[in-house]
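Peer 1: Input: one structure, supplied below.
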Amino acid sequence: MLQNKFGIIFGVANKRSIAWATAQALHEGGARLAFTYQGERLKENVESLTKDMDGALVLPCDVTKQEEVDQTFARVREEFGRLDFLIHSIAFAPREALEGEYLNTTREAFLTALEISAYSLAQVSRAAAPLMTDGGSIVTMTYYGAEKVVSGYNVMGVAKAALEASVRYLAADMGQRNIRVNAISAGPIQTLSARGVSNLGMMMKYHAEKAPLRRNVEAREVGNTALFLCSPLASGITGEVIYVDCGYNIMGI
Ligand code: NAP
């Protein structure tokens, strides 16, 4: 489905990362991939995960450092010559902002969460656009806490609301270049970042009981949806938030 296509994936921290499940789906789809990691401590993880992926490129990129973003896309240009898709699977908020009341969010925590989790989508999309000479697909990861209050999700819910709005504005800006921008709203999955949310255990139990499919979603199901969104099968879809949550979001009482 993605033979002779080139993609970049932001956000593999370890084998549980949604970005890693997505990478596996895209790799099986035939794409050649570049991976970015944040900070030296993750380098070894990402290198060992990707060692058997033919032609994988592994690059450092902390999105709070513009020079690292610039260097990342310069290397991708050198190695790949162009890009067909980009997966944005990064988010961060200081742990203390993910407990207690949203009311107490500090200015610093708010700005950090919004910068890393929402602004970075526009930042990397802008850098990717000149390389997407034959059109492209950009996919980001969001969560239901963007639209409804989820206890403990706090400032991350506000950041995800900004991220979802960014998807729509970016889709409008980039549509004329045939670049599509979409978000996947995933149900809760046990990952490193998710463990920072204070009520994760309760959230997962509640989701599994209430969702029509009576279970939690698997990271690979999110990855498969990203594969679809990056493929020609999704050529008419842009600016959307697509739920991969076992149907949880449709339920009322
Ligand atoms: P994860 O494995 O911990 O991935 C989060 C990634 O964001 C990590 O690789 C992390 O690197 C990276 N990151 C944080 N700050 C960064 C920065 N300044 N520059 C570059 N990268 C940075 O967790 P995940 O659950 O797969 O999260 C992926 C995405 O899915 C996030 O947007 C998350 O909000 C979203 N999502 C998750 C769930 C869930 O339940 N797990 C549900 C819906 C949506 P470090 O480890 O170095 O910080």
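The values are calculated or read from the model by the stated rules, or taken from the named source; none is laboratory data. For clarity, every value in this text was computed on a predicted model and none was experimentally measured. FYI the Cβ positions are ideal-geometry reconstructions off the backbone, even for glycines, and counts take in every protein chain you see.
Peer 1: Looking at the structure I just gave you, is GLU68 touching a Cys at 6+ places or on another chain (Cβ under 6 Å) and either farther than 30 Å from LEU200 by Cα or touching a residue at least 24 places away in the same chain (Cβ under 8 Å) (or both)? Give the derivation first.
Peer 2: Details: touching a Cys at 6+ places or on another chain (Cβ under 6 Å): yes; either farther than 30 Å from LEU200 by Cα or touching a residue at least 24 places away in the same chain (Cβ under 8 Å) (or both): yes.
Taking the combined requirement at face value, the residue satisfies it.
Peer 1: Check whether at least one residue in segment 132-140 is over 20 Å from the mean Cα position of the chain (by Cα) and either part of a loop (DSSP other than H, G, I, E, B) or not basic (Lys, Arg) (or both), and report yes or no. Quick ask: steps written out before the conclusion?
Peer 2: To start, the set of residues in segment 132-140 that are over 20 Å from the mean Cα position of the chain (by Cα) comprises 133-134.
Adding the requirement that they be either part of a loop (DSSP other than H, G, I, E, B) or not basic (Lys, Arg) (or both) leaves 133-134.
So far as segment 132-140 goes, yes, one or more of its residues are over 20 Å from the mean Cα position of the chain (by Cα) and either part of a loop (DSSP other than H, G, I, E, B) or not basic (Lys, Arg) (or both).
Peer 1: Then there is this: Examine segment 13-34 for a residue that is of a type in the set (Val, Ile, Thr) and not in a helix (DSSP H, G or I), and state whether such a residue exists. Lay out the reasoning, then the answer.
Peer 2: Of the residues in segment 13-34, the ones of a type in the set (Val, Ile, Thr) are 18, 22.
With not in a helix (DSSP H, G or I) added as a condition, the list becomes none.
Scanning segment 13-34 turns up no residue that is of a type in the set (Val, Ile, Thr) and not in a helix (DSSP H, G or I).
Peer 1: In this structure, is GLU47 farther than 22 Å from ALA161 by Cα, more than 13 Å from the ligand (Cβ to nearest atom) and surrounded by fewer than 22 Cβ atoms within 10 Å (Cβ to Cβ)?
Peer 2: Values: farther than 22 Å from ALA161 by Cα: yes; more than 13 Å from the ligand (Cβ to nearest atom): yes; surrounded by fewer than 22 Cβ atoms within 10 Å (Cβ to Cβ): yes.
Spelling it out, GLU47 is indeed farther than 22 Å from ALA161 by Cα, more than 13 Å from the ligand (Cβ to nearest atom) and surrounded by fewer than 22 Cβ atoms within 10 Å (Cβ to Cβ).
Peer 1: Also, quick follow-up: Just to be sure I understand, how many residues within segment 117-129 are within 13 Å of the chain's Cα centre (by Cα) and either outside any helix (DSSP H, G or I) or surrounded by 19 or more Cβ atoms within 10 Å (Cβ to Cβ) (or both)? Working first, answer last.
Peer 2: Applying the first criterion (within 13 Å of the chain's Cα centre (by Cα)) to segment 117-129 yields 117-122, 124-125.
Narrowing the set further to residues that are either outside any helix (DSSP H, G or I) or surrounded by 19 or more Cβ atoms within 10 Å (Cβ to Cβ) (or both) leaves 117-118, 120-121, 124-125.
Qualifying residue count for the region: 6.
Peer 1: One residue is enough: does segment 38-46 have a residue meeting the conditions touching a Gly at 6+ places or on another chain (Cβ under 9 Å) and assigned to a helix (DSSP H, G or I)?
Peer 2: no
Peer 1: For the list (1) closer than 22 Å to GLY136 by Cα; (2) under 17 Å from the mean Cα position of the chain (by Cα), I need the number of the one condition that GLY236 fails.
Peer 2: If we test GLY236 against (1) closer than 22 Å to GLY136 by Cα; (2) under 17 Å from the mean Cα position of the chain (by Cα), just (2) comes out false.
Peer 1: So how many residues does segment 181-212 have that are out of contact with any Gly (no Cβ under 6 Å at 6 or more places or on another chain), among the aliphatic types (A, V, I, L, M) and not in a helix (DSSP H, G or I)?
Peer 2: Restricting attention to segment 181-212, the residues satisfying the condition of being out of contact with any Gly (no Cβ under 6 Å at 6 or more places or on another chain) are 181-196, 200-206, 208-210.
Now drop any that are not among the aliphatic types (A, V, I, L, M), which leaves 181, 183-184, 186, 189, 192, 194, 200, 202-204, 208.
Narrowing further to those that are not in a helix (DSSP H, G or I): 181, 183-184, 186, 189, 192.
Residues in segment 181-212 being out of contact with any Gly (no Cβ under 6 Å at 6 or more places or on another chain), among the aliphatic types (A, V, I, L, M) and not in a helix (DSSP H, G or I): 6 in total.
Peer 1: Would you check if LEU229 is touching a residue at least 60 places away in the same chain (Cβ under 8 Å), in contact with a strand residue (DSSP E or B) (Cβ under 6 Å, 6 or more places away or on another chain) and in a helix (DSSP H, G or I)? Outline the logic, then answer.
Peer 2: Numbers: touching a residue at least 60 places away in the same chain (Cβ under 8 Å): yes; in contact with a strand residue (DSSP E or B) (Cβ under 6 Å, 6 or more places away or on another chain): yes; in a helix (DSSP H, G or I): yes.
Taking the combined requirement at face value, the residue satisfies it.
Peer 1: May I ask you to say which residue of ALA109, ALA97, ALA129 is among the hydrophobic types (A, V, I, L, M, F, W, C) and away from the ligand (no atom under 14 Å from the Cβ)?
Peer 2: Only one candidate passes the filter, namely ALA129.
Peer 1: Determine which single condition GLU78 fails, assuming it passes every other condition in (1) at pLDDT 95 or above; (2) within 16 Å of the ligand (Cβ to nearest atom).
Peer 2: Answer for GLU78: the failing condition is (2).
Peer 1: Can you pull out the residues in segment 188-205 that are surrounded by 15 or more Cβ atoms within 10 Å (Cβ to Cβ) and either at positive phi or more than 18 Å from the chain's Cα centre (by Cα) (or both)? Give the derivation first.
Peer 2: The initial filter retains those residues of segment 188-205 that are surrounded by 15 or more Cβ atoms within 10 Å (Cβ to Cβ), namely 188-189, 191, 193-194, 196-200, 203-204.
Correct list: SER198, ASN199, LEU200, MET203, MET204.
Peer 1: Could you identify the single residue in PHE92, PHE6, PHE10, PHE35 that is away from the ligand (no atom under 11 Å from the Cβ), surrounded by 14 or more Cβ atoms within 10 Å (Cβ to Cβ) and either over 30 Å from ASP134 (Cα atoms) or at pLDDT 95 or above (or both)?
Peer 2: PHE6
Peer 1: Please go through segment 137-166 and give me each residue that is within 9 Å of the ligand (Cβ to nearest atom) and under 27 Å from ARG177 (Cβ atoms), ordered by number.
Peer 2: Narrowing segment 137-166 to residues within 9 Å of the ligand (Cβ to nearest atom): 140-145, 156, 159-160, 163.
Hits for segment 137-166 are THR140, MET141, THR142, ALA159, LYS160, LEU163.
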